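What follows draws every value from the coordinates through simple rules; no lab data is involved. Worth saying up front: this structure is predicted, and the values here are computed from it rather than measured. For neighbour counting, all protein chains shown are included, and Cβ atoms are generated from backbone atoms with ideal geometry for every residue, glycine included.
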């Protein structure tokens, strides 16, 4: 079972507009999913880069 934690963060209005645009284009069901996917992809890239350096 995956535990999901609620966090609060402040983001620039331009980012929020972009997120809303993706949701309005039905690419994602909601803002939370956009943010989850973005974080997942960032972690994959950054962590794989770090692991290749070692």
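Below are the figures for this structure:
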| item | result |
| --- | --- |
| Degrees, to the nearest 10: 13-24 long Cα axis against longest axis of the chain | 80 degrees |
| Cα Rg, Dmax, the stretch 13-53, angstrom units | 12.8, 39 |
| Ranking of 21, 33 by count of other Cβ atoms within 10 Å, fewest first | 21, 33 |
| Theoretical ellipticity at 222 nm over the chain - DSSP helices of four or more residues, -39500 (n - 2.57) apiece, nearest 500 | -22000 deg cm²/dmol |
| Tilt relative to the chain, helix 31-53 - C-alpha long axis, 0 to 90 degrees, to 10 | 20 degrees |
| Inter-site label distance for residue 16 and residue 31 at 7 Å from Cα along Cβ, in nm | 0.6 nm |
| Efficiency of FRET from Cβ geometry, residue 45 and residue 23, R₀ 25 Å, rounded to 0.05 | 0.60 |
